[in-house]
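The values are calculated or read from the model by the stated rules, or taken from the named source; none is laboratory data. Just so you know, these numbers come straight off a predicted model, no measurement behind them. Ideal geometry is used to build each Cβ from the backbone, glycine not excepted, and the neighbour counts take in all protein chains shown. Note: accessible area is taken over every heavy atom of the protein model, side chains too, but ligands, DNA and RNA are not part of it. Shrake-Rupley method; radii C 1.70, N 1.55, O 1.52, S 1.80 Å.
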Amino acid sequence: MRFLGNIEAKTDAKGRVFLPATFRKVLQASGQEVMVMRKDAFQDCLTLYPESVWNEQLDMLRLRLNRYNRHHQEILRQFVSDAERIELDGNGRFLIGKRYLQMAGIDRDVKFIGMDDTIEIWALEKTEKPFMDADDFGKALEEVMGNTMNAE
């Protein structure tokens, strides 16, 4: 399952928003009906996980944490307490609760960004500038990918 692209949308007065059709098609093709939404751990945005991806992430986190370590329990608690199950209504909409709108600084206009196996939801104004300078992006890709690619 791969989500690609970025699409602008608007929330309504109640905080409902349409999941873009291109992303809905990817979900439907993979048989996914439920998603999990949480505040991103690093950025001021929300992340939508298809339920299967969420379960994989949670299982991976669980394997790295010791249930009897206080700090590990706090990490898990923070991770899951910022999460909520999302189901689309018959029109392809879902509710972004006020708490989540505030966490991400979303007023009304949003941008959905496909991030491979997840979808990010950003306040539109936070996406007006590039996330990285073009030169910095090129250097970062070279650093990450340059030594791992086989020369042909």
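Past the 20 Å Cα-Cα mark, which pairs from Lys10/Lys111; Lys10/Lys98; Lys25/Lys98; Lys25/Lys126? Intermediate values should be presented prior to the final figure.
Numbers: Lys10/Lys111 8 Å; Lys10/Lys98 15 Å; Lys25/Lys98 27 Å; Lys25/Lys126 26 Å.
Result: Lys25/Lys98; Lys25/Lys126 exceed 20 Å.
In deg cm²/dmol, rounded to 500, what helix-only [θ] at 222 nm does the chain give when every DSSP H run of at least 4 residues adds -39500 (n - 2.57) and the total is split over its residues? Walk me through the numbers before you get to the answer.
Details: 5 runs with 54 residues, N = 152.
Helix contribution divided over all residues of the chain: -10500 deg cm²/dmol.
Here are labelled values, (i) 37; (ii) 45; (iii) 42, and one is the computed percent of Cα pairs over 23 Å apart for what I pasted. Which one?
From the options (i) 37; (ii) 45; (iii) 42, the structure gives (ii).
Taking Cα centroids, how far is region 9-36 from region 91-121 in Å?
Region 9-36 and region 91-121 have Cα centres spaced 10 Å from each other.
Give me the accessible area per residue for the chain, probe 1.4 Å, as a whole number in Å².
On a per-residue basis, 68 Å².
Using the Karplus curve 6.51 cos²θ - 1.76 cosθ + 1.60 with θ = phi - 60°, what ³J(HN,Hα) values do you get for each residue of region 103-115, in whole Hz, with x for Gly and Pro?
Along region 103-115, the couplings run 4, 9, x, 8, 8, 9, 7, 10, 10, 8, 10, x, 10 Hz.
Return the FRET efficiency for the residue pair Lys25, Arg85: r is the Cβ-Cβ distance, R0 is 22 Å, and the value is rounded to the nearest 0.05.
0.55
Using Cα-Cα distances under 8 Å and only pairs 6 or more residues apart, what relative contact order does the chain have, in percent?
Value for the chain: 35 percent.
Near Val110, within a Cβ-to-Cβ distance under 15 Å, what is the net charge of the other residues, with Lys and Arg +1 and Asp and Glu -1?
Spelling it out: positives minus negatives among the neighbours equals 0.
Quick one: which residues, 5 or more positions from Ile86 or on another chain, have an amide H under 5 Å from its amide H? H modelled 1.01 Å from N in the peptide plane, none for Pro or chain starts.
Counting only residues 5 or more places away or on other chains, the set is Met35, Val36, Met37.
Taking the mean number of other Cβ atoms within 10 Å as a proxy for protection, how do you rank 78-90, 11-23 from highest to lowest?
Result, highest mean Cβ count within 10 Å first: 11-23, 78-90.
On the accessible surface of the chain, probed at 1.4 Å, how many percent belong to carbon and sulfur atoms?
That fraction is 50 percent.
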